[in-house]
Amino acid sequence: ELLRATLIHSANDAANALAIYDSGSVESFVLKMNQKARQWGLENSKYSNANGLEGGDDYSSARDVLTLASLLYQNQTFKGIVGTRSEYISNLEGKQYLLTTTNKILGQNGVVGMKTGYTLKAGECLVTVANRNGKSIITVVLDSPDRFQESKSMIDWAFNNYIWQ
């Protein structure tokens, strides 16, 4: 339920709770995140918290975001969650909460999943996976004045101009 809240609704408190559950503290989780980033070859990324909000000297490149997205999208659980527009989750007492995605183009233009992001430092960000005619692409938009339109434009351009072999 916490993973769904984090990925569908961008619930930062849920991301922190998952970090504490996994590693005992957010700080320990961040160490694991940075170790995993190095293992995955993310040479231009550094994480300082579990939720992606500003708060340290964190940074990433479009190439690293693409590499991470490609790796994560291979996981079927992740793939299912980031392709969800809305869903109810329940707490331990049975109280239900409606999660709604922040990804306004999910389900449009061939977009089948991935994640939004925003901070003052990073601007509007969006990673998308789009499928058309049995082909898939991943787009990465960082520091955008209109992440949804820019993503749609990139998706259209890629599918209209790339020669699939």
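The values are calculated or read from the model by the stated rules, or taken from the named source; none is laboratory data. As the structure is a computational prediction, the values presented were derived from the model and not from experiment. So basically every Cβ, Gly included, is an ideal-geometry build from the backbone, and we count neighbours across all protein chains shown. Ligands, DNA and RNA are stripped out before the accessible areas are found, and what is left, the full protein with its side chains, is counted by its heavy atoms. Shrake-Rupley method; radii C 1.70, N 1.55, O 1.52, S 1.80 Å.
Yes/no per residue for (1) part of a helix (DSSP H, G or I); (2) open to solvent by 30 Å² or more (accessible area, probe 1.4 Å); (3) more than 24 Å from Ser151 (Cβ to Cβ):
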| residue | (1), (2), (3) |
| --- | --- |
| Arg4 | yes, yes, no |
| Ala50 | no, no, yes |
| Leu53 | no, yes, no |
| Leu71 | yes, yes, no |
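Is it the case that some residue within segment 94-101 is outside any helix (DSSP H, G or I) and aliphatic (A, V, I, L, M)? Outline the logic, then answer.
Going through segment 94-101, the residues outside any helix (DSSP H, G or I) turn out to be 94-101.
This time we only want the ones that are aliphatic (A, V, I, L, M), so: 98-99.
Within segment 94-101 (the criterion being outside any helix (DSSP H, G or I) and aliphatic (A, V, I, L, M)), the answer is yes, since at least one residue qualifies.
Restricted to segment 120-140, and to residues that are among the polar types (S, T, N, Q) and open to solvent by 20 Å² or more (accessible area, probe 1.4 Å), which residue is farthest from Thr84 (Cα to Cα)?
Selected residue: Asn133.
I need a count of the residues in segment 95-115 that are farther than 13 Å from Thr84 by Cβ and open to solvent by less than 30 Å² (accessible area, probe 1.4 Å).
Summing the residues that are farther than 13 Å from Thr84 by Cβ and open to solvent by less than 30 Å² (accessible area, probe 1.4 Å) in segment 95-115 gives 2.
Do we find that Gln108 is under 16 Å from the mean Cα position of the chain (by Cα), over 23 Å from Glu27 (Cα atoms) and not aliphatic (A, V, I, L, M) in this structure?
Details: under 16 Å from the mean Cα position of the chain (by Cα): no; over 23 Å from Glu27 (Cα atoms): yes; not aliphatic (A, V, I, L, M): yes.
No: the conditions fail for Gln108.
Regarding segment 23-43, can at least one residue be identified that is within 14 Å of Tyr118 (Cα to Cα), in a helix (DSSP H, G or I) and open to solvent by 70 Å² or more (accessible area, probe 1.4 Å)?
No, because not a single residue in segment 23-43 is within 14 Å of Tyr118 (Cα to Cα), in a helix (DSSP H, G or I) and open to solvent by 70 Å² or more (accessible area, probe 1.4 Å).
Filter segment 55-69 for residues that are surrounded by fewer than 19 Cβ atoms within 10 Å (Cβ to Cβ) and hydrophobic (A, V, I, L, M, F, W, C) and give the result.
Ala62, Leu66
Do you know which of the residues in segment 113-155 that are hydroxyl-bearing (Ser, Thr, Tyr) and assigned to a strand (DSSP E or B) is farthest from Ser60 (Cα to Cα)?
Ser136
Just the residues that are of a type outside the set (A, V, I, L, M, F, W, C) and either surrounded by 10 or more Cβ atoms within 10 Å (Cβ to Cβ) or touching a helix residue (DSSP H, G or I) at 6+ places or on another chain (Cβ under 9 Å) (or both), please, taken from segment 141-161.
Hits for segment 141-161 are Asp143, Ser144, Asp146, Arg147, Gln149, Glu150, Ser151, Lys152, Ser153, Asp156.
For segment 73-94, name all the residues that are surrounded by fewer than 17 Cβ atoms within 10 Å (Cβ to Cβ), among the small types (Gly, Ala, Ser) and either on the phi < 0 side of the Ramachandran plot or touching a residue at least 12 places away in the same chain (Cβ under 8 Å) (or both).
Gly80, Ser86, Ser90
Trp164 versus (1) surrounded by fewer than 15 Cβ atoms within 10 Å (Cβ to Cβ); (2) among the aromatic types (Phe, Trp, Tyr); (3) not in a loop (DSSP other than H, G, I, E, B): which is the lone unmet condition?
Condition not satisfied by Trp164: (3).
I need a count of the residues in segment 6-22 that are open to solvent by 30 Å² or more (accessible area, probe 1.4 Å) and either at positive phi or of a type in the set (Gly, Ala, Ser) (or both).
Number of matching residues: 2.
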